[in-house]
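Accompanying notes for the structure given below.
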Amino acid sequence: MKGKVTVYILFLIIASFKSFALQAELPVDTIMKRAMNAAEKYNNLVESFSAEVYTRTYVETLKKNLLYKYTHLIPDFVLHDPHNETALIETISDLRFDYPNSYVQDVRHVTGTLTGKKDIDMIPFELLNINIYGETTNEESFFMPIRLKTSKYYRYSLARTFTENEKVYYSIDYRPIYENSKLLKGTFIIEKGSWRVIFFRGEGIDIFSNFLFEITMGDEWITHYLPVQLVIYETSSYLGNVLASRHLATIDYREIQLRRTTEPVRSLNISDFYKIRLDSVPLQSDSAFWNKRRPIPLQAIEKDVMAQHLQRQAEEAARKANGDSIRPPNIAQQVAQRMVMNSNYKYRSTAIGYSGLLNPLMVGYTSRDGVTYRQKLSFNFDLTHNRTVNMKAFAGYMFRRKEFFTDLTTTWNYDPYRLGSATISIGNGNPIYSSLFVDQIQDSLNNRGINFEDISVNYYRDYYLKLFNTYEVTNGLLLHTGIDYHIRKSKDNMSKLRSTTPDSEPIEDMFGTRKSFAPFIRISWTPRQYYRYDGRQKIYERSPFPTFKLELSRSFQHILGSTTEYDRIEFDISQNISFGLRHSLQYHVGAGKFINQKTEYFADFVYFSKSNFPENWNDGLGGIFNLLSRDLYNASDSYIQAHTMFEAPFLILKNIPFVSDFAENERIYLSQLYTPQIVSYTELGYGIGNRFFNAGFFTSFHKTGFRQVGVRAAFEF
C-alpha cells in the first residue's frame, strides 16, 4: 500500500512538471517571432477565391434627443432609422478576390427594415476583407499586430496556454504603445506548429465611435488561412445621441486557389482594388427564401423588429387602400436639406449635382482674402460604352476684394478606354496686370522687400475661352493639345495708378482691351503607371516613378484680334513616395519662363498660380504657397519653385492621449520659391488631419527675415 502511494505521488509530480513544461515551454517573444514569420508566408498564400457572403446588421438606439431624427441628413455618418429606435438589414452577396488585393463584392439580395441604397452603403463590408496576416488593412485603416514592421507599435503578453483536440494553442494579448485610431488592442489565438491564427479580436476608436470586431478562421485545411465568421460591434456617440450596432457575417467559400511557387509577371492593371457593386437595390422580401438561405437564425429581438416592420407596412397599405394619406412628405425638411447640403438627382441616364445655396462647406475664409462663397452645379449624361458628357458650372465671390468668378466647363469623354476627352471651358479668371507695370513692381520688390501694397496691380479683368483635347498615347504617356484665348479688359478706376509721373506713357495708351490667342501642347509622362478600369473607363492610380510634365505655348498676333506675341515654357516633376507604414514623402518641383516677348504680355503661368477657391484640403501640394500674396504670382516672367510634404501617423502628438485619438495623420511642409526679384521665399508648415477635418499652421520667410504666420483649416464630409 505504501509503495502504491509513493508511485501515485511520483505520478502526480511528473504530471505536474509535464503540465508546467507544457504551459510555459515558450516565452511570448519566441511565440510572436514564429507567428510573424508564418504570417509573412500566409499573407500571400491565396491566389483567388469566390464566396457567398451573408451579413446581418442590427441597430438599436440607446439614447436620443431632438437632433436624432436629423442625423440622416449628414451623408455617410452613422447608420440608423430616423423614425424608429431599431433597424435590421440582411444581405447576400457574391465576393470575388484576386491576388494581391482586388476585392469585388456584388450584393444580390437585400431585406430588412432599411433597404435604401444609402443605408446599405453604410454596412462595413470592407471589414469582411481584413487580412489578419497583413501589415495594414486594405484602406490602411489599422495597423495589424502580427507582422514584424508593425510590432514596434504594440506590446504583447501571453494570456494563457491551452490544449484542445491534442493541439496546443497560445492566447496572446496585445495593446498599442500609443493611443491612436490607427492602432488596435485585443487578443488573438495561435496554433502551435503551424503558427497560424485561429481567432482574432480587435478593439479600436474612431472620432465618434468605439468598435470591436472578432474574426474566426476556418477549421478545414483549405480555409485554415481565411475568415469564415465575423462579428462587429460598434457604439456611436454624437451630440447627446448614442447608437449601438452589431454586424454578423458568414463566408461560404465556393472556390479557393492557392498561389503557385513561381512568381507571375505583375500587371500594371489593378482594376477593382476594392469595390462594392450595388447599382440598384435587389430587394427580396420572400420570408421563405430567407428562412432557407439564412445561415444564422434570427434572434428573438430581431424577429420582433421584423414583425413590427411588417405590421407597419400592412397598416400603411391598408390606409392607402382606403384612400387615407400615408405619412405626408416633410417638404420643409427636404427643402432645408437641399439648401444646406450637396444634393444629387438621377433621371434615367442623367445625373445632376448641386452644392446647396446655404451649404457651409461652400464658405471659406483666409486672413488675406477674407470670406469667400461659391456655388457648384453639375450635369452628367451617360452615353454608350461608358462615354459621358459632363457639364460643371461654378460661381464664386470674394467679399473683401469684391470680385466675382465664374466658370462653365463641358467635357466629352469620347474614348474612356484611352482617356480620350475633349473640353471647352469659358469664364473669368484672376485679375492680372500687364508686363508694362512689371518694372515698377520689380523696383518696389527690390527696394522694399516683398511689400508693394502702395501699387494697385489688378488693372485687368480676365475672360477666357479654353479648348483642349487629352489622349493617351500609351500607358502613362498623355498628350494634351489646346488653345487658350483670353480677353483682358482694363478696369474703369484707372486713378488708382499712384506710381505714374508726368513723363510716363499716356495713360490711355496703357489701358484698354488686350487679347491673346495661344495654342499649347502638354506632354505628361509617368513611367510604370498602375491603373484600373471602372467598366471601360481607365483610371490612373499610383506609380513608383515621378510624373514629368512639359508644356509649350505660343501666342500669335492678329489671330482673333490677338495683340500679344510671346513663348511660354514650363516644366514640372511631382511624385508621392510611400515607405514604411502610412509614411509618405511628396514633392513637386517646377520652373517656367516667358521668352521671345515681342509685345506686351501677361505673366500667367499654369503650374505657378493662385486659386481663389481651393476645392478641399486633399489637393496634394497643389503647386501653390499658402501665405504668398496672389499679386506676386504675376510679378516676374520666370520662376523656380519646390514643395515637399512629409506625412506620417506618429510624429509629435503620439503621446498626447486625447489629441492623438483624432490626429490620424501629421504633416510637415516645406516650400521654396525663386524669382529674379524674390531671390528666396520660404514657407514652413505643420498640419494634422483625419477624414472629417484638416488644419495647418504656416510661417513664411523672405530671404532670412521673418514675414508672417497663417492658419488654414477645412472641414470634409
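The values are calculated or read from the model by the stated rules, or taken from the named source; none is laboratory data. Since we're looking at a predicted model, the values are computed, not measured. Cβ sites come from the backbone with ideal geometry, for glycine too, and all protein chains shown count toward neighbours. When the accessible area is computed, the model is the full protein with side chains, heavy atoms only, and any ligands, DNA or RNA have been set aside. Shrake-Rupley method; radii C 1.70, N 1.55, O 1.52, S 1.80 Å.
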Legend entry - strands (runs of 3 or more DSSP E) completely within the range 143-238 that count 3 or more residues being among the β-branched types (Val, Ile, Thr): 185-191, 197-205, 227-238
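Report, by residue number, each residue of the range 192-222 that is open to solvent by less than 20 Å² (accessible area, probe 1.4 Å) and among the basic types (Lys, Arg).
Just the residues of the range 192-222 that are open to solvent by less than 20 Å² (accessible area, probe 1.4 Å), to begin with: 196-197, 200, 202, 204, 209, 213, 215, 217-218.
Correct list: Arg196 only.
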Inset, instruction - Could you please give the count of residues in the range 573-583 that are out of contact with any Asp or Glu (no Cβ under 8 Å at 6 or more places or on another chain) and part of a strand (DSSP E or B)? - result: 7
Inset, instruction - Specify which of the listed residues (Tyr178, Tyr225) is touching a Lys or Arg at 6+ places or on another chain (Cβ under 8 Å), crowded, with 20+ Cβ neighbours inside 10 Å, touching a residue at least 24 places away in the same chain (Cβ under 8 Å) and closer than 20 Å to Thr137 by Cα. - result: Tyr225
Inset, instruction - Restrict the check to the range 73-80 and report whether at least one residue is closer than 30 Å to Ser267 by Cα and not in a strand (DSSP E or B). - result: no
Legend entry - Failed item in (1) charged (D, E, K, R); (2) assigned to a strand (DSSP E or B); (3) at pLDDT below 85, with Arg488 passing the rest: (3)
Legend entry - In the range 594-621, residue modelled with the lowest pLDDT [restricted to those that are loosely packed, with under 15 Cβ neighbours inside 10 Å and within 19 Å of Lys549 (Cα to Cα)]: Asp619
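Looking at Ile215, Ile198, Ile222, can you tell me which residue is of a type in the set (A, V, I, L, M) and in contact with an Asp or Glu (Cβ under 8 Å, 6 or more places away or on another chain)?
On the way: Ile215 fails: in contact with an Asp or Glu (Cβ under 8 Å, 6 or more places away or on another chain); Ile222 fails: in contact with an Asp or Glu (Cβ under 8 Å, 6 or more places away or on another chain).
It is Ile198.
Name the single residue that is surrounded by the most Cβ atoms within 10 Å (Cβ to Cβ) among those in the range 632-664 being polar (S, T, N, Q) and either touching a His at 6+ places or on another chain (Cβ under 6 Å) or at pLDDT 90 or above (or both). Don't jump to the end; show me each part of the working.
Here is the first cut: in the range 632-664, the ones polar (S, T, N, Q) are 634, 636, 638, 641, 644, 655, 660.
Okay, now just the ones that are also either touching a His at 6+ places or on another chain (Cβ under 6 Å) or at pLDDT 90 or above (or both), so 638, 641, 644.
Working: Ser638: 17, Gln641: 24, Thr644: 15.
By that ranking, first place goes to Gln641.
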Inset, instruction - Could you look through the range 570-593, keep only residues that are open to solvent by less than 70 Å² (accessible area, probe 1.4 Å) and more than 28 Å from the chain's Cα centre (by Cα), and pick out the one that is farthest from Tyr464 (Cα to Cα)? - result: Ala591
Legend entry - Selection within the range 146-175 - open to solvent by less than 20 Å² (accessible area, probe 1.4 Å), of a type outside the set (Phe, Trp, Tyr) and within 23 Å of Asn210 (Cα to Cα): Ile146, Thr150, Ile172
Inset, instruction - May I ask you to list the residues in the range 175-201 that are within 25 Å of Asp219 (Cα to Cα) and either in contact with a helix residue (DSSP H, G or I) (Cβ under 9 Å, 6 or more places away or on another chain) or of a type in the set (S, T, N, Q) (or both)? - result: Thr187, Phe188, Ile190, Lys192, Ser194, Trp195, Arg196, Val197
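Being aliphatic (A, V, I, L, M) and open to solvent by 10 Å² or more (accessible area, probe 1.4 Å) is the filter; apply it to the range 81-121 and report the residue that is nearest to Ile270 (Cα to Cα). Quick ask: steps written out before the conclusion?
Restricting attention to the range 81-121, the residues satisfying the condition of being aliphatic (A, V, I, L, M) are 87-89, 92, 95, 104, 107, 110, 114, 120.
Imposing the further condition that a residue be open to solvent by 10 Å² or more (accessible area, probe 1.4 Å) reduces the set to 104, 107, 114.
Details: Val104: 12, Val107: 22, Leu114: 33 Å.
Residue satisfying both the conditions and the ranking: Val104.
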Legend entry - Output for the range 665-684, where each listed residue is open to solvent by less than 10 Å² (accessible area, probe 1.4 Å) and modelled with pLDDT of 85 or more: Glu666, Leu673, Thr675, Tyr681, Glu683
Inset, instruction - Could you please find all residues in the range 388-409 being open to solvent by 40 Å² or more (accessible area, probe 1.4 Å) and more than 25 Å from the chain's Cα centre (by Cα)? - result: Tyr397, Phe399, Arg400, Arg401, Lys402, Phe404, Thr406, Leu408
Inset, instruction - Identify all residues within the range 49-89 that are within 27 Å of the chain's Cα centre (by Cα) and among the polar types (S, T, N, Q); write none if there are none. - result: Thr55, Thr57, Thr71
Inset, instruction - Return the residue satisfying two criteria in turn: it lies in the range 245-277 and is modelled with pLDDT of 90 or more and either part of a loop (DSSP other than H, G, I, E, B) or of a type in the set (A, V, I, L, M) (or both), and of such residues it is least open to solvent (accessible area, probe 1.4 Å). - result: Ala249
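Scan Gly356, Gly427 and give me the residue that is open to solvent by less than 30 Å² (accessible area, probe 1.4 Å) and part of a loop (DSSP other than H, G, I, E, B). Talk me through it step by step, then tell me what you get.
Values: Gly427 fails: part of a loop (DSSP other than H, G, I, E, B).
Step by step, each of Gly356, Gly427 is checked, and only Gly356 is open to solvent by less than 30 Å² (accessible area, probe 1.4 Å) and part of a loop (DSSP other than H, G, I, E, B).
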Inset, instruction - List every residue pair whose Cβ atoms lie under 7 Å apart, where the two residues are 6 or more positions apart in sequence or sit on different chains, the first residue falls within the range 562-583 and is small (Gly, Ala, Ser), and the second residue, located anywhere, is surrounded by fewer than 17 Cβ atoms within 10 Å (Cβ to Cβ). - result: Ser562/Phe556; Ser578/Ser584
